[in-house]
1. Ranking request for peptides 260-268, 387-395: highest mean number of other beta-carbon atoms within 10 Å first, then the rest in descending order.
2. As a footprinting exposure proxy, order 2, 414 by other Cβ within 10 Å, with the fewest listed first.
3. For 437, 311, which order do you get if you count the other beta carbons within 10 Å of each Cβ and list the fewest first?
4. Dividing the alpha-carbon Rg of the chain by 2.2 N^0.38 Å yields what?
5. Give me the distance between the Cα centres of segment 400-440 and segment 14-91, rounded to whole Å.
6. Using label points projected 7 Å from each Cα along Cα→Cβ, tell me how many nm separate residue 183 and residue 429, to one decimal.
7. So what's the projected area for segment 2-128, the Cα convex hull averaged over all directions, in nm²?
8. At what distance in nm do the modelled label points of residue 41 and residue 443 sit from each other, each positioned 7 Å from its Cα along Cα→Cβ?
Ligand code: FAD
C-alpha cells in the first residue's frame, strides 16, 4: 500500500498524527509540502519572514527524510491541483493530513478531498495541532464554550494520559518510501527575497524548536512571575514553532502538566488559550471580520489614517506603545503584554477599528495565527467572547510603569530617548522645556509629543461604547 502524507502546519517528523497513521497503514509513505500560491500571492511583500521561516523548516524536514533514505516532494502552486496530481502519479491509495481549523483551510481540504475521491483516492485527516478540538470540550448542555475559564476547567477535567501521549513515528520509519533526493526550490525561485531572519538568530526548524524548549524548561518554574515583563526573558518564544508545527503541542503540554508548580500551570493555561481560540474559530468562523458580540459590530470608530500610520511606525509619543510597535516591525515578534497594550491603545485611545490593527499584526507577526490573533484583538477591543468589560481601559503610562519599571525595554527600542531621565521615560511630555533641552530629547523634534491625551481619549471611547 502506498500513501502520501501532506505536511502543512506540522513541519516535523516526530510525534506527528498524520504521518504516524500513514506509516502504520502502508508499505511506502511519500511526503509532500506545497508552497501554496493561493496564499503566497496574497502577501503584500516579497520579503516575508514567515516564508523564510517555513522555507528553512522545510529544508530541515527534507534533510531529515533524506537521512532515512526518503525525500520530501516540495511543490509550488495550488495544492487543490497539485496534491491530487502527485497522489495519482505516485499510485497512492490514501492521502493523510492533520486538521486545520481556519475557514479557508477547511474549504481547501474539502476541494482536495473531492478531487481525490473522483480519482478513487481517500483523504484521511487527524487531530494534531491541539490537545482538544472542535466538539471535544463542551458545556454540560452540550454546546461550545464562549468563556475561557469554564472552558479551561472542563479541558483540564477531560485530560488523560492518552491525550498527551506522543505518536511514536520513529518506530515506523521503515515504511517511508525510499526515494532519491529531490530538489528544494530556492527562496528566489518561490519569488521571495531573504529577510533579516538570520540576523535575529531565531532558532528555526525542528532542531531550533527543541533548543528553544530546552532553554525554556530551565525558566518554566518562574514563568508566572516573569511573563509580563517585556525586558525580561520570561516567556518561551515558541509561538512561531507552534504555528508551523516544528514542535508537537503534546510534548509541550505533557511537560507543563507533569511538572506542576505555579509557573508550569500558568504556562499550560496559555496553551489552553491556544486550544480555546482554535475551537472558537472552528465554531464561529464569522469572527473573521466581525465582532463576536453583535452589539459591537458597528462601533463609531473615527479611523484617523494619520494616527494609524503613527501607531504602525511606533511614533505615538507613548514610549511603551512605540517600543512594542518597533519590536514588531524589526523582529516579527511582540511580547504578549505589549500586544495587549498596543492593541488597546489603537482601539481605545485612537478609536481605530480593531480590524485594522488585526490586519497589521497579521502582516507582521512571525507567529501570526488567525485564531489567536483574532481572539487577542477582540479581547483587547472588548468585542470578543470573554468577560473583559468594555469600560476597562488600559492606561498606557501605568502599564509602562508597572511592566517596564526601569524603562529597559523602552530604551532598547527607542534610541532617541537615550538621554531622557528615567523618571520621565514613561511620559516624556512631563519634562519642562528646559529639561527637554538639557536631556537632548526635545519633543516634536527628537521624539513626538503624545498623539492623544489619554484622559480625553478614554472619555470619548466610553461614550462610543455606551452608544453601541
Ligand atoms: P508563551 O507566553 O511562552 O506562551 C506559550 C504559547 O501559548 C504561545 O507560544 C502560544 O502558542 C500560546 N499562547 C499564549 N498566549 C496565548 C493567547 N493569548 N492566545 C492564544 N495562544 C496563546 N499568538 C499567536 O500565536 N499568534 C498570533 O497571531 C497572536 N496574536 C495576538 C494578538 C493580540 C492582540 C494579543 C493580545 C495576543 C496575540 N497572541 C498571538 C497571543 C500571545 O501574545 C502570543 O502567543 C505570545 O506572545 C507568543 O509568545 P511566546 O511563544 O513566548 O508565548
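Read-outs: derived from the displayed coordinates by stated rules, not from any lab. Everything numeric in this text was worked out from a predicted model, so none of it was measured. Cβ atoms come from the backbone with ideal geometry, glycine included; neighbour counts cover every protein chain shown.
1. Details: 260-268: 17.4, 387-395: 14.0.
In decreasing order of mean packing, 260-268, 387-395 become 260-268, 387-395.
2. Values: 2 16, 414 21.
Taking fewest neighbouring Cβ atoms as first place, the list is 2, 414.
3. On the way: 437 11, 311 25.
Taking fewest neighbouring Cβ atoms as first place, the list is 437, 311.
4. 1.04
5. Comparing the Cα centres of segment 400-440 and segment 14-91, I get a distance of 48 Å.
6. With each label placed 7 Å out from Cα toward Cβ, I get 5.9 nm.
7. On the way: hull surface 30.0 nm².
So the Cα hull casts an average projection of 7.5 nm².
8. For the pair residue 41/residue 443, the computed spacing is 5.0 nm.
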